[in-house]
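Some notes on the structure that comes next.
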Amino acid sequence: MAATKVWLPATVLAATLAAGCQKAPDRAIDRPLAERAPAIPAPATEQAAPGGVAKQFTLTDQQGKPFDSASLAGKVWLGSVFFANCPGPCFRENQAIADILRKIDDPDFVVVSLTCDPDNDTPDVLRRYADRFEADAARWKFLTGDMAVIKDVANNSFLLPAEVGVHSERGVVFDRQGRLRGGYHLLQPDRVALLEKLIRDVLAEPASPETPDSVP
């Protein structure tokens with residue numbers, strides 16, 4: 001059976017925000033799902049059928065501790081990209097995430113936020129930044145480390161663009177098997193509401209004993 005394809009518009013305009021913080025367009029993904037993790041669909045249908053499991057990675061959290069993504073097994077998690085010196089959009093993005101965490105007070109739901117400015121966003125900087133949102137370090141991981149690793153995770157697992165100081169403002173949801181299930185814009189209240197619903201829907205799904213093949 002031929003693999004189902006998910007298409008995005010071929011051209012998306014990048015919006016330049018305040019100095020030092022740029023929004024990158026979510027790039028078109030037009031390869032079959034069988035060849036990679038599912039693409040984030042177009043805005044009208046921003047949920048995706050489960051694909052392969054996100055590739056494992058190791059970075060450093062806001063407490064200076066190693067974070068292994070294997071610890072996310074069995075949990076539903078939200079991925080995002082930001083940086084601490086972003087003058088406005090990232091703060092609003094993370095305010096939306098903080099609100100979601102307050103509303104979905106479930107230990108099986110975790111947020112993983114990657115900095116796209118690791119040279120400046122040391123664990124200590126991220127710890128102080130996390131404190132602004134009263135973030136529970138057990139449920140909200142602000143991660144830094146090698147930019148090559150961060151780009152690989154953002155581009156190939158989150159399917160979000162990321163360069164130094166450049167990022168998408170979407171949050172993407174992974175199920176208990178580590179499969180990308182969809183994503184929504186974090187600066188639009190109606191999209192955030194849909195993101196919250198997606199998280200609740202995925203949390204309500206029964207845990208599966210099956211482990212899908214890892215994304216290469």
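Summary table below
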quantity	calculated
Exposure ranking of 159, 187 by accessible area [1.4 Å probe, largest first]	187, 159
Solvent-accessible area per residue for the stretch 70-128 (1.4 angstrom probe, square angstrom)	38 Å²
Additional length obtainable on full extension of the chain from residue 132 to residue 163, 0.36 nm per residue less Cα span	8.7 nm
Accessible surface, the stretch 156-205, averaged per residue in Å² (probe 1.4 Å)	32 Å²
In the stretch 49-89, the chymotrypsin sites (Phe, Trp or Tyr not before Pro) that fall in loop regions by DSSP, at most 16 other Cβ within 10 Å	none
Assigned charges on the beta-carbon of Lys, Arg, Asp, Glu; the stretch 45-122 dipole about Cα centre (debye)	120 debye
Computed log₁₀ I(q)/I(0) - Debye formula, equal Cα scatterers, no solvent, the stretch 121-213, q 0.19, 0.23 Å⁻¹	-1.19, -1.38
Largest to smallest accessible area among 205, 196 [probe 1.4 Å]	205, 196
Zone of residue 156's modelled label, taken as backbone nitrogen in the stretch 176-204 under 17 Å from a point 7 Å along Cα→Cβ	179-180
Cut-off under 5 Å, modelled amide H: who pairs with residue 117 long-range	165
Dipole of the stretch 117-200 [Lys/Arg +1, Asp/Glu -1 at C-beta], most positive-end residue of 161, 150, 195	195
Extended-chain gain in nm, criterion 0.36 nm per residue less alpha-carbon gap, residue 197 and residue 55	48.6 nm
Length gained when the stretch residue 65-residue 106 is fully extended (0.36 nm per residue, less Cα-Cα span)	12.5 nm
Solvent-accessible area of residue 197 with every protein chain in place, 1.4 Å probe, in Å² to the nearest 10	110 Å²
Where labels lie 7 Å past Cα in the beta-carbon direction, separation of residue 92 and residue 120 in nm	1.9 nm
Carbon + sulfur, % of accessible area of the stretch 58-216 - ligands and nucleic acids excluded, 1.4 Å	49 percent
Rough spin-label spacing in nm, given labels placed 7 Å along Cα→Cβ, for residue 188 and residue 73	3.7 nm
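The values are calculated or read from the model by the stated rules, or taken from the named source; none is laboratory data. This one's a predicted model, so the numbers in the text were calculated from it and none came from an experiment. Using ideal geometry, Cβ is built from the backbone for each residue, glycine included, and neighbour counts are taken over all protein chains shown. Quick note on the areas: whole protein, heavy atoms, side chains included, nothing else; ligands and nucleic acids left out. Shrake-Rupley method; radii C 1.70, N 1.55, O 1.52, S 1.80 Å.
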